[in-house]
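Derivation of every value follows stated rules applied to the coordinates shown; laboratory data play no part. These figures come from a predicted structure and were not determined experimentally. Every residue, glycine as well, gets a Cβ built from its backbone with ideal geometry; the counts of neighbours run over all protein chains shown.
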Amino acid sequence: MGELKLMKGNEAIAEAAIRAGCDGYFGYPITPQSEVMEYLMAQKPFERTGMVVLQAESEVASINMVYGGAGTGKKVMTSSSSPGISLMQEGISYMAGAELPALIVNAVRGGPGLGTIQPSQADYFQAVKGGGHGDYKLIVLAPASVQEMCDHVKLGFDLAFKYRTPVMILSDGAIGQMMEKVVFFDQIPRRTDEELMKECPWAAVGKPKNREHIRITSLDLDPAGQERVNLKLQAKYKTIEENEILYEEIQCKDAEYLFVAFGLSARICQKATDLARAKGIKVGLFRPITLFPFPIQQIAATGNRMKGVLVVEMNAGQMIEDVKLSMGSKVKIEHFGRFGGIIPSPDEVVNALEQKIIGG
Amino acid sequence: MTEEIIIAGFGGQGVLSMGKILAYSGVMQNKEVSWMPSYGPEMRGGTANVTVIISDERISSPILNSFDTAIILNQQSMDKFEKSVKPGGLLIYDPNGITRHPNRKDINIYSIEAADEAGRLGLSKVFNMIVLGGFLKLKPLVSPEYLHKGLEKSLPERHHKLIPENEKAVEIGMKLLKAVQVI
C-alpha cells in the first residue's frame, strides 16, 4: 500500500502528477483550481523529479505549451476552470487532430461567461461532445472523491499515451477544495530519453539518420487525406468505447428506481439513496466514471429494469441526453438540476425523485 | 457510526483548523473522513464554516444540509445553522457575542464560554481547541492518543512545541461545558 494522506482534491491532482512521472505542467491561475499550481510550486518537483512547472502568460499559451511538449512525447498537462478551458479549445482540437497525448483538468464552475467560482457540471457538453471544432472526442474522466482525483491522473496519462489522445478530468470546486483520505501510488520515474524514443516512435525528438522526418500536424489540405485522418480517429474512438468504459453501481440489485449522476452529484445521490431507502423507497445509483466512453449498454441494462430514472446534474440537463440515447423510451427518465454554482442537497434530490418519478 | 458536523464562526477563530485537526485525528484512528470548507463568496463577509464527517463507512455526500452536531461561534452562524441540526442532535455554542440564544427544544444545547476562558488564561490562540474539547467531551469520536497524532499531522513541524498547549486547551474545554435548558 502507498502513502496515506489527508489532502484537498486539487493538491491530490498535483501530487499525483509528480508521482505519475509527469514531465511538465503549464497553467494559468484561476479559481477554483489554483491549488494545483500552488502545490506544485511549493513542492518544487523540478528538484524532486525534474518536472517543469511553468506559469504561462495565458490559458492559450498554456495549452500550446502542452501541445509542444506532447509533440516531443513528454507527459504534459494543464489545469484550468471553465472560462480558461474555453480559451484552450483551439489547442485541444489541434492536439486531437495531431493525435497527441495530454492531460487537461477542468474544475468546472458555474457559467456561462465568467459565471461564478462555485461548483457546477455545466461543461459536460463541452467536454464530452467536442468543445473545439471538428469530429473529435476526448476521453473524459469524472472523479467523485479525492482518491479518484489522484487515481485519474495516473489513469489519464496511461490512456492518453495508449491512444495518443488528449484526456480530460472533469472535476469541480467542491471536489477540488475538500479534504479526504487519499492513498498515493509510489513514485513512477520520469521516462528517460531512450525510453521515450522506444515508447513513442511518433514523437519529434530530433531526426536520426536512419529514419524519415516525423510530421506532427492537424493540417491535411487534401480532402481524401483529411478523410483518412478522420476515419482513423473514429476507429480509435470506437476502440476506446469497446475497452475503456468505467462505471459504478451502488445498491442497484434490488432497486426499483435509479439515480444516474457523475462526480459530486453522484456523492450527493449516494446520500439521497440512503435517505430514500430509510423512507422505504428502493433506489439505486448508477455513476458513470468515464463520460466518454459513456457506459451505454450498462446504463441501458440497469436503467431499463427500473420503474423510473432520475438524472441528477449540476446543470440544466446535459448527460440526460446520453442516458436517453442509451436507454430508449421504455422507462420514464426525468432530470433534476441546480445551476450556477448551487449544489443540490440530498433532501432536494429525494423530493425530486418523489415528485418527478414516483408521484409524477 | 457516522457523525456529521458543521463548525461555523468568524474567519480567524480557527474554525477550519479545528475541523482539520478533528479530521486528521479521525484519519489516525482509521476512520473515513471528509472536510469540506466554505470557499469563495461564502467566505466574504467574515464568516467561515466547514463540514466535517467522520465515519466507519464510506462517506456519501461531503455537502449536507442537516447535521448531527453544530458548533457555532457567532450570531450569523447561529441564524444559519441552528435550524440545520437534526432533531435529537447537538448544538454547542460560545455565548460570547451571541445576541439571540438558541431556542429549539428538540435538540441538546450546550454553551461553552471558551472565548472568555481563553482570554483569562492567555490562551486565545488555542480558543478553538477549548471548543473542540467541549465537543469531544460529549462525543468522544477520537481518543486523546489519536488527537495527539492528529495535531502532529495537521500542525507544521515548527509548531509542534505548541501541541501540549493545544492538548491542555482541550482538557479545559471538557470542563467548561454547560447544559442549556430551553424553557
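Annotations for the structure displayed:
- Rg of the Cα atoms in the stretch A:187-320, relative to 2.2 N^0.38 Å, amounts to 1.60.
- Additional length obtainable on full extension of the chain from A:I214 to A:A56, 0.36 nm per residue less Cα span: 54.2 nm
- The Stokes-Einstein estimate for the stretch B:82-147, based on a Kirkwood radius over Cα pairs and taken at 37 °C with 0.692 mPa s viscosity, is a diffusion coefficient of 250 µm²/s.
- In the stretch A:3-193, the ratio of gyration radius to Kirkwood radius, Rg to Rh, stands at 0.93 when only Cα atoms are counted.
- Degrees separating the helix A:89-98 axis from the principal Cα axis of chain A, which is the longest one: 60 degrees
- Computed over the stretch A:211-290, Kirkwood Rh from alpha-carbon pairs, angstrom: 16.2 Å
- Where only C-alpha atoms are counted, convex hull volume of the stretch B:71-183 per residue in Å³: 110 Å³
- Part-to-part distance (alpha-carbon centres) for the stretch A:141-189 and the stretch A:67-138, which is given in Å: 15 Å
- Simple spin-label estimate for A:N351 and A:L325 gives 3.3 nm between the two label positions (7 Å along the Cα-to-Cβ direction from each Cα).
- Computed [θ] at 222 nm, helices only, for chain B once each DSSP H run of length n ≥ 4 contributes -39500 (n - 2.57): -11000 deg cm²/dmol
- For the pair A:E47 and A:K162, label points projected 7 Å from Cα toward Cβ lie 3.6 nm apart.
- Angle in degrees between helix A:34-43 and the longest Cα principal axis of chain A, rounded to the nearest 10: 50 degrees
- Semi-axis lengths, Å, the stretch A:247-358, gyration tensor of Cα atoms, sqrt of 5 times eigenvalues: 18, 17, 13
- Among A:R267, A:R215, A:R109, the residue with the largest mean-square fluctuation in a Gaussian network model of chain A, with springs joining Cα atoms closer than 10 Å, is A:R215.
- With 10 Å bins from 0: P(r) over chain A, alpha-carbon pairs, percent: 6, 25, 32, 23, 11, 3, 0, 0
- In this structure, the residue pairs whose Cα-Cα separation is over 20 Å, taken from B:K86/B:K149; A:K162/A:K198; A:K75/A:K198, are B:K86/B:K149.
- ³J(HN,Hα), Karplus 6.51/-1.76/1.60, whole Hz, each residue of the stretch A:105-111, x for Gly, Pro: 10, 10, 8, 5, 10, x, x
- Counting all C-alpha pairs of the stretch A:84-210, share separated by more than 24 Å (%): 37 percent
- According to the Cα-based calculation, Rg over Rh for the stretch B:1-116 is 0.95, with Rh computed by the Kirkwood formula.
- Eligible lysines near B:K125 by straight Cα distance, threshold 19 Å, same-chain separation 8 or greater: B:K20, B:K153, B:K161, B:K168, B:K175
- Chain A: angle of helix A:9-19 to the longest principal axis, Cα-based, in degrees nearest 10: 40 degrees
- Considering only A:V108, A:V167, A:V52, the mean-square fluctuation computed in a Gaussian network model of chain A, springs between alpha carbons under 10 angstrom, is largest for A:V52.
- Inter-probe distance in nm under a simple model that places probes 7 Å from Cα toward Cβ, at B:E171 and A:K307: 5.9 nm
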